[in-house]
Amino acid sequence: MIAGTGGAINELNSSQTHGSIVSLIATPYSGYSFAGWDGNATFENQFASSTNATITGDSNITAFFTAKNYKLTISVTGDGSTSGAGTYNHGENITISAQAGEGYAFDKWQGHGITDSNKSTLTMLIFQDLNLTASFTESTPHLNETLEVVQFEPSWYSNDWFGYFYQSPSGWCYHINLGWIYPATQSDGSLWVWSAQLKWIWMDSTSYATRHAWSAEDNDWVYFDFITVSGPRVYHFKNENWDAFDKNKIVSTSETLF
């Protein structure tokens, strides 16, 4: 007796008299299903994993197994499209991908088996039916689209009052004085800007010209000194004190804006 790929059978390698009835037991491994018996014998039920067979001559009996199939379903919230949905074999390595629609950005994956919900493209192994969701959120227009700018080189711009900055595809900007920021342009042309060190601050052309910004954290004004000999610093009117300002403070991808 032989077991095909994906399972095991009871040992039955012996001489039998003509017309003997033998018991056959096939046990599929995880991720496989029993498919049937084959060989020169008369099977009581050829497609039952446990059955009897009548031996009428030399017999080579084989148990066959098939890999289980699983369905991967992907739903979408927001405006975007996905790839990777379908039917796959047990343990198959698959790739899923999410593409945001115009005016939207990929937010996250949700569902069992997701290893990194923030990556738009993932590879994963499938061991069961899966229902995943790709979420997309409306993206804030890029700063170079909402301010009047002059472009100096790819992704680098200058605005007459806000100055020189780099615009990344994700919406984040690197400002020549403020470092990494996430800006949100208001209808009146002012800016709410998220800074890793100062959190949310507000400014417009008038306030920034005098290096002032309104701090939501302080609920008061702050003043920037970018050219002091000791290094950039910020003055908090609320506490009447100076703090060193590190424009290159690392922004963690897990740090929330809100």
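The values are calculated or read from the model by the stated rules, or taken from the named source; none is laboratory data. All values derive from a computational prediction rather than experimental measurement. Every residue, glycine among them, receives a Cβ derived from its backbone with ideal geometry; neighbour counts consider all protein chains shown.
So which of TRP180, TRP200, TRP192 ends up being of a type outside the set (Gly, Ala, Ser), surrounded by 13 or more Cβ atoms within 10 Å (Cβ to Cβ), closer than 26 Å to ALA100 by Cβ and modelled with pLDDT under 95? Can you show your working first?
Numbers: TRP200 fails: modelled with pLDDT under 95; TRP192 fails: modelled with pLDDT under 95.
Answer to the check: TRP180.
I'm trying to understand the selection: among the residues of region 127-166, which are among the acidic types (Asp, Glu) and out of contact with any Phe, Trp or Tyr (no Cβ under 8 Å at 6 or more places or on another chain)? Working first, answer last.
Of region 127-166, the ones among the acidic types (Asp, Glu) are 129, 138, 145, 148, 153, 160.
Residues satisfying the conditions are GLU145, GLU148, GLU153, ASP160.
Inspect region 54-73 for any residue being surrounded by fewer than 17 Cβ atoms within 10 Å (Cβ to Cβ), closer than 30 Å to GLY189 by Cβ and modelled with pLDDT under 90 and give the result as yes or no.
no
What number of residues within region 40-53 are assigned to a loop (DSSP other than H, G, I, E, B) and either under 14 Å from SER23 (Cα atoms) or modelled with pLDDT of 90 or more (or both)? Full working, then the answer.
Of the residues in region 40-53, the ones assigned to a loop (DSSP other than H, G, I, E, B) are 40-41, 44-49.
Then drop every residue that is not either under 14 Å from SER23 (Cα atoms) or modelled with pLDDT of 90 or more (or both), which leaves 41, 44-49.
Counting residues in region 40-53 that are assigned to a loop (DSSP other than H, G, I, E, B) and either under 14 Å from SER23 (Cα atoms) or modelled with pLDDT of 90 or more (or both) gives 7.
Taking region 68-106 as the region of interest, how many residues are assigned to a strand (DSSP E or B), touching a Lys or Arg at 6+ places or on another chain (Cβ under 7 Å) and not β-branched (Val, Ile, Thr)?
First, pick out the residues of region 68-106 that are assigned to a strand (DSSP E or B): 69-77, 80-83, 86-89, 93-100, 104-106.
From the residues that got through so far, the ones that are touching a Lys or Arg at 6+ places or on another chain (Cβ under 7 Å) too are 87.
Remaining after also requiring not β-branched (Val, Ile, Thr): none.
The qualifying residues number 0.
For the structure I just gave you, tell me whether GLU138 is in contact (Cβ under 8 Å) with a residue 60 or more places away in the chain, closer than 30 Å to MET203 by Cβ and loosely packed, with under 14 Cβ neighbours inside 10 Å. Give the steps one after another, and end with the answer.
On the way: in contact (Cβ under 8 Å) with a residue 60 or more places away in the chain: yes; closer than 30 Å to MET203 by Cβ: yes; loosely packed, with under 14 Cβ neighbours inside 10 Å: yes.
So GLU138 fits the description; yes.
Please give the number of the condition GLU102 fails out of (1) in contact (Cβ under 8 Å) with a residue 12 or more places away in the chain; (2) surrounded by 15 or more Cβ atoms within 10 Å (Cβ to Cβ).
(2)
Checking the conditions here, which among ALA184, ALA216 is small (Gly, Ala, Ser), out of contact with any His (no Cβ under 7 Å at 6 or more places or on another chain) and either in the same structural domain as SER81 (by TED's automatic domain parsing) or without any contact (Cβ under 8 Å) to a residue 40 or more places away in the chain (or both)?
Working: ALA184 fails: either in the same structural domain as SER81 (by TED's automatic domain parsing) or without any contact (Cβ under 8 Å) to a residue 40 or more places away in the chain (or both).
Of ALA184, ALA216, the one residue that is small (Gly, Ala, Ser), out of contact with any His (no Cβ under 7 Å at 6 or more places or on another chain) and either in the same structural domain as SER81 (by TED's automatic domain parsing) or without any contact (Cβ under 8 Å) to a residue 40 or more places away in the chain (or both) is ALA216.
TYR157 versus (1) closer than 27 Å to THR77 by Cβ; (2) in contact with a helix residue (DSSP H, G or I) (Cβ under 7 Å, 6 or more places away or on another chain): which is the lone unmet condition?
In the conditions (1) closer than 27 Å to THR77 by Cβ; (2) in contact with a helix residue (DSSP H, G or I) (Cβ under 7 Å, 6 or more places away or on another chain), TYR157 misses (1) alone.
Taking region 107-135 as the region of interest, how many residues are closer than 25 Å to PRO169 by Cβ and touching a residue at least 40 places away in the same chain (Cβ under 8 Å)?
Going through region 107-135 one residue at a time, the tally reaches 5.
Take the residues in region 141-164 that are assigned to a loop (DSSP other than H, G, I, E, B) and over 27 Å from the mean Cα position of the chain (by Cα); name whichever of them is surrounded by the fewest Cβ atoms within 10 Å (Cβ to Cβ).
Initial filter on region 141-164 (assigned to a loop (DSSP other than H, G, I, E, B)): 141-142, 147-148, 154-155, 160-162.
Cutting the leftovers down to over 27 Å from the mean Cα position of the chain (by Cα) gives us 147-148, 154, 160-162.
Numbers: LEU147: 20, GLU148: 12, PRO154: 7, ASP160: 10, TRP161: 15, PHE162: 24.
Step by step, filter region 141-164, then rank; the result is PRO154.
Within region 168-192, count every residue that is assigned to a strand (DSSP E or B) and either more than 26 Å from the chain's Cα centre (by Cα) or not hydrophobic (A, V, I, L, M, F, W, C) (or both).
We begin by selecting, within region 168-192, every residue assigned to a strand (DSSP E or B); these are 173-175, 179-185, 191-192.
From what is left, the residues that are either more than 26 Å from the chain's Cα centre (by Cα) or not hydrophobic (A, V, I, L, M, F, W, C) (or both) are 174-175, 179, 182-183, 185, 191-192.
Result for region 168-192: 8.
Kindly indicate whether SER135 is over 24 Å from ALA196 (Cα atoms) and assigned to a strand (DSSP E or B). Write out each step before concluding.
Details: over 24 Å from ALA196 (Cα atoms): yes; assigned to a strand (DSSP E or B): yes.
Taking the combined requirement at face value, the residue satisfies it.
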